[in-house]
Amino acid sequence: MNSYMVQVFENLIQTTIICSLGICLLLFLKRYLFKNFSKRFNYYIWLIIVFRMLLFMFNYTIVYEVKESKSNPAVGNNITRINIPTDNNFMLYLAYLWIFVAIVIAVYTFVKYTKFKNLVVDVSYDIEDDEVNCLYKDLLKELNIKKKIELRGSDELISPAGMGLFKSYIFLPDYPYSKDELNWILRHELMHFKNKDLLIKFAVLFVKIIYWFNPLVYIMSNRVNIDCELCCDESVLNDCSLKEKKEYALALIKSIKLSKNYQSGILTTEFNKTNLERRLDSIIDRKTKKGIFLIIVLCLLSGSTFLKFESIDFTINSNVFSNLPDKASRGFTRGIGYDYQ
């Protein structure tokens, strides 16, 4: 059990080193190269790193032989190989510390989220405005969303928000939104569910819990949240006119003013301020490059990091058996003439 724990922890350290380099590389590429690609590409490209970090236990070792023949060694050269056992106690203590902190963070996060969600759901109420309910039903049909997502009013939240991975809700604060503003707000929240953004938020949260010791993971999480909102804006405004884009931008600005930049809680999607300047720029400046080829290449590179290569030194010393009869020599060669490293 202890050796298994050490092996798991070693896989974790190997993965965090590889993925830290990957995070730095993606941040660099997104700044200088990927900025010309669509917001969807810049959002989903993070999943390569996220899934690689979640699957840190699935590392495969490929063993290959290296044959080497040692002939005519120096007279009197006698080499004795001694296997010295490695003391893994330090690695074992680190592994238990990692698990303990990860469990504490996971329990704290789960309890906090559960309390917050239960509070918001318990104090929420049905929206009795038939016009709003009809608009919501029409958007569900238009966006072809089969999942049951309840629309509720809330005084606990002061910004429109979506919540719930299994039993899902969209909460609207009691603000004087116009019909056009509600149209864009509800489209935005429904698009988060259509894009499975809450599922991705949960995956990133698990990465943060597992790799709580890696500061680059928190940088990645922040960038994923920003790219999530940019991708959602792009999806909502796909094939929209300039006038409609302006209406969307004004609805976003009004929501921010009413919510006073309030951040509600974890694992929610909110129609409010998330790098507002970048979002407003992206609303007008639409990128069309999809980068499918780049995604395939990066996926292949990520897949190659699951492999680890080890060599076995397969050495035959011919002079050891030079004075023996041919038959005995062949027997000893087959039996004990292999030097494994």
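Identify the chymotrypsin sites (Phe, Trp or Tyr not before Pro) of segment 99-180 meeting these criteria: DSSP loop state and at most 10 other C-beta atoms within 10 Å of the C-beta. Passing both the DSSP loop test and the Cβ count: PHE166. Here the simple spin-label model places points 7 Å from the Cα toward Cβ, and for ILE103 and LEU25 these points are separated by 3.6 nm.
Measuring between alpha carbons in the structure, the pairs from LYS30/LYS254; LYS112/LYS245; LYS35/LYS201; LYS115/LYS243 lying more than 32 angstrom apart are LYS112/LYS245; LYS115/LYS243.
Which trypsin sites (Lys or Arg not before Pro) in segment 201-260 sit in a loop by DSSP (not H, G, I, E or B) and have at most 12 other Cβ atoms within 10 Å of their own Cβ? It would help to have the intermediate numbers written out before the result.
Values: sites: LYS201, LYS208, ARG223, LYS243, LYS245, LYS246, LYS254, LYS257, LYS260; in loops: LYS260.
Sparse-neighbourhood loop trypsin sites (Lys or Arg not before Pro): LYS260.
For segment 95-171, the set of trypsin sites (Lys or Arg not before Pro) satisfying both a DSSP loop assignment and a count of at most 14 other C-beta atoms within 10 Å is given as LYS146, LYS147, LYS148, LYS167. The simple spin-label model puts a point 7 Å past each Cα toward its Cβ; for GLN7 and LYS167 those points are separated by 4.2 nm.
Since every read-out is calculated from the coordinates, none of them should be taken as a lab result. All figures in this text were calculated on a predicted structure; none of them were measured in a lab. With ideal geometry, Cβ positions are generated from the backbone for all residues, glycine too; neighbour counts draw on all protein chains shown.
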